[in-house]
1. Take the conditions assigned to a strand (DSSP E or B) and either modelled with pLDDT under 90 or within 13 Å of G77 (Cβ to Cβ) (or both) and apply them to V168. Does it pass?
2. State all residues of the range 92-124 that are modelled with pLDDT under 85 and either over 20 Å from T146 (Cα atoms) or surrounded by 14 or more Cβ atoms within 10 Å (Cβ to Cβ) (or both); if no residue qualifies, say none.
3. Could you tell me which residue of the range 27-85 is modelled with the lowest pLDDT, considering only residues that are farther than 18 Å from T114 by Cβ, of a type in the set (S, T, N, Q) and in contact with a strand residue (DSSP E or B) (Cβ under 7 Å, 6 or more places away or on another chain)?
4. Being in a strand (DSSP E or B) and of a type in the set (F, W, Y) is the filter here, so list the residues in the range 106-127 that pass it.
5. Do any strands (runs of 3 or more DSSP E) entirely within the range 36-91 hold 1 or more residues that are crowded, with 20+ Cβ neighbours inside 10 Å, and if so, which?
Amino acid sequence: MNKLPLFFILIFGTSVVAQIPMQWQSQLPTSYDYDDMQMLDSNSVVAVGLTGSFIRTNDGGSTWKFVWTNTLLHLTGVDFTDYNTGYACGNGNMYYYEKGVLLKTNDGGNTWDTLSVPFDANFSDVDFISADTGWVVGDSGNVFRTYTGGLSRDNVSFTATEHALSIVMMDSDTGYVCGESGFLSYFRWWK
């Protein structure tokens, strides 16, 4: 009995499994690192990253538009409430004693305005449930809320001192925050 054909089927037959090759969705090479992204629909994606970089595609990644957001700070979070209104947040530069930044766009990311932040803090993530109501998280587990599109803020601080890295809001008062060293917290904002 000839065992050679069975050997070839077992060894070489396993490499015949169909695989879908990975394809890059942006022009390469890119000189920026991106830290957060959001899908607005199946074809539209936005992302933010180093040195105030913002990119957007409206054709499923075939082409990308790069926009500088008028800051050189590291943008770490982005959230759009519709195709035009969006927010981005980021970290200050500790070597130059810069505080974090909160940005807003009303034209889909073509232009960005810096919102006034009256305190020193670094920001990691932002989540807005409407054009004016949202939250930003950062240093020492702090959560900052606005009902006026970033012009005024309330603050809630957890007993944890870990850096908050991400926030997800379930509704206008209830959300989850997570961060460094296993920090994970559910909270309800009392009016």
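The values are calculated or read from the model by the stated rules, or taken from the named source; none is laboratory data. Remember, predicted model here, so these are calculated numbers, not experimental data. Note: ideal-geometry Cβ built from the backbone for every residue, glycine included; neighbour counts use all protein chains shown.
1. Yes, satisfied.
2. Here is the first cut: in the range 92-124, the residues modelled with pLDDT under 85 are 92-100, 116-122.
Answer for the range 92-124, where residues must be modelled with pLDDT under 85 and either over 20 Å from T146 (Cα atoms) or surrounded by 14 or more Cβ atoms within 10 Å (Cβ to Cβ) (or both): G92, N93, M94, Y95, Y96, Y97, E98, K99, G100, V117, A121, N122.
3. Ranking the qualifying residues of the range 27-85, first place goes to T63.
4. F123 - this is the single residue of the range 106-127 that is in a strand (DSSP E or B) and of a type in the set (F, W, Y).
5. The qualifying strands (runs of 3 or more DSSP E) are 45-49, 53-57, 74-80, 86-91.
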